[in-house]
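Below: the structure, in structure tokens.
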Amino acid sequence: MKRNRLILLAIAALALASCGSDEPVGSADEIDGTWQLTSGSHAGNTLEPIATHPVTLEIDGDEVGGTAACNGYGGTIANTDTGITFSEMSITEMACDPPETMDLESAYMAALASIDQASIEGGKLVLSGPDTQLEFEASS
């Protein structure tokens with residue numbers, strides 16, 4: 001009887017261990033690379049990527065940057081006791097058409113400001129925070 005319980009516990013432990021990892025990353029270095037936004041939401045609004053104006057995120061150690069649909073942006077990323085934060089963000093100030101481009105950019109930058117967690121799920125980078133989720137795929 002004890003042996004059967006041990007076998008069942010071992011099978012359960014293996015099943016749990018084989019599940020995809022959606023654990024928060026331990027450091028910003030684990031998410032280094034170039035990423036492109038595939039979907040997102042912030043404050044109840046959907047962030048719809050625009051094929052002609054991609055949103056990118058480049059992470060290199062504690063530095064971040066990319067294109068926010070129209071303008072280039074940059075800043076820092078840091079681990080905290082409770083997760084991850086983006087700070088010291090700056091952005092260029094060009095205008096782009098169509099108007100949806102500027103709407104996406106504004107929503108994306110607001111979403112980045114509320115991020116407090118990062119994880120890798122199924123090969124995608126997922127950034128989340130209060131009422132916010134951004135999903136990225138690796139880009140070359």
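What follows draws every value from the coordinates through simple rules; no lab data is involved. Quick caveat: nothing in here was measured; it's all calculated off a predicted structure. Cβ atoms come from the backbone with ideal geometry, glycine included; neighbour counts cover every protein chain shown.
For the stretch 84-140, the C-alpha radius of gyration sits at 1.26 times the compact-globule guess of 2.2 N^0.38 Å, with N the residue count.
The residues neighbouring T38, those whose beta-carbon lies less than 15 Å from its own, together hold a net charge of -3 under the Lys/Arg +1, Asp/Glu -1 convention.
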